[in-house]
1. Scan segment 59-118 residue by residue and report those that are among the β-branched types (Val, Ile, Thr), under 18 Å from Glu133 (Cα atoms) and surrounded by fewer than 18 Cβ atoms within 10 Å (Cβ to Cβ).
2. Could you please let me know if Ala241 is outside any loop (DSSP other than H, G, I, E, B), under 17 Å from Val211 (Cα atoms) and of a type in the set (A, V, I, L, M, F, W, C)?
3. Out of curiosity, is Ser169 among the polar types (S, T, N, Q) and in a helix (DSSP H, G or I)?
4. Within segment 132-147, identify whether any single residue is crowded, with 24+ Cβ neighbours inside 10 Å, in the same structural domain as Thr120 (by TED's automatic domain parsing), touching a residue at least 24 places away in the same chain (Cβ under 8 Å) and assigned to a helix (DSSP H, G or I), and answer yes or no.
5. Give segment 172-219 a look and list any residue that's in a helix (DSSP H, G or I) and either in contact with a helix residue (DSSP H, G or I) (Cβ under 7 Å, 6 or more places away or on another chain) or not small (Gly, Ala, Ser) (or both), or say none.
Amino acid sequence: MKKLFPLLAVSVFLIAIIVWLLVPINNEGNLISPLSSFTQKREKPLDKYSFEALRKRDYLGSEIKLEEVIKEEEEYVSYLFSYQTDAERVTGMANIPKEEGVKPVIIMLRGYADDEIYFTGLGTRKAAGVFAENGFITLAPDFLGFGGSDTSSADILEARFERPITVLSLLASIKSLPEANPEKIFIWSHSNGGQIALSVLEVTQRNIPTVLWAPVTTGFPESVLQFIGELDDQGLKVKRAIDNFLLKYDPQKYSIDNYFSDIQATIQLHLGLADPLISEEEIDNFAKTMADLGKNINYYKYPGSDHNLTKDWDIVVKRDLEFFRRLL
């Protein structure tokens, strides 16, 4: 037993030296757990899409290219345009008024679309045409995986998280368009495009006047789960992806309702009371939350109008045009 004691002492001494060499020390001179240090270094794939991560990264923008004419109207020309987001090509529809001089810009964000029937301009071209006739440049991105854009992520949730970055990259690229006034930018959005618009407003914390038609305003992952019944497989694949996500990530870091207080933009909000997808209660709660936070919001309801505000479409677009003009 006495012979083992020196060996034990030497072993303890060597272990102490190894711990001293390997375990980091913070600025206060305290030891940091090697386990926590290891965890910090292992960034998970979707960490970069949290709102805080999106705020910290740079959006350098790229050249907006007007690639071909889609259609020529009396007051404007519709083009297929493209730009880059994280080295990926995104296409979309640009309407450029023919009148000379720099013009204000409206970014148009559509809602959900089936990629099998999608075409560039779907969900935005009608309203965009009215705005272009009245002197506004409109830019409606297809998003990755749609139109002539590069493919989106095979991960269902990552493909969703990519979309605010697509818009943030477009915002940074507007300065490359000679006809555009980068100091006069607006956002128009519909349905899930509203959720993307709110994400962009929260990340940038810029006063970009924004229109929301029947927007998705619930937090994540509820904003996804509430629509899975509309999917062919009853959303089993989506539900499985979310279950796996919740095991590894904090959903609050990806949820718009956790950052409503950071919105600095003036908002115009529309809802049809015959909308089968977005409830009046949901939008009432959003409008009240924004008002309670001291945000500038105009809220209009339309009895009998559906998710696309079909019955009152002319009135709604007229109000939007007045909204954009007033805030020029």
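1. The initial filter retains those residues of segment 59-118 that are among the β-branched types (Val, Ile, Thr), namely 64, 69-70, 77, 85, 90-91, 96, 102, 105-107, 117.
Now narrow it down to the ones that are under 18 Å from Glu133 (Cα atoms): 69-70, 77, 96, 102, 105-107.
Matches in segment 59-118: Val69, Ile70, Val77, Val102.
2. Working: outside any loop (DSSP other than H, G, I, E, B): yes; under 17 Å from Val211 (Cα atoms): no; of a type in the set (A, V, I, L, M, F, W, C): yes.
Criteria not met by Ala241.
3. Numbers: among the polar types (S, T, N, Q): yes; in a helix (DSSP H, G or I): yes.
Judged against the criteria, Ser169 is a match.
4. Scanning segment 132-147 turns up at least one residue that is crowded, with 24+ Cβ neighbours inside 10 Å, in the same structural domain as Thr120 (by TED's automatic domain parsing), touching a residue at least 24 places away in the same chain (Cβ under 8 Å) and assigned to a helix (DSSP H, G or I).
5. Let us first name the residues in segment 172-219 that are in a helix (DSSP H, G or I), namely 172-176, 192-204.
Listed by number, the residues that qualify are Ile174, Lys175, Asn192, Gln195, Ile196, Leu198, Ser199, Val200, Leu201, Glu202, Val203, Thr204.
The values are calculated or read from the model by the stated rules, or taken from the named source; none is laboratory data. Small disclaimer: the values here were computed from a predicted structure and weren't measured. Note that we place each Cβ from the backbone using ideal geometry, even for glycine, and neighbour counts take in every protein chain shown.
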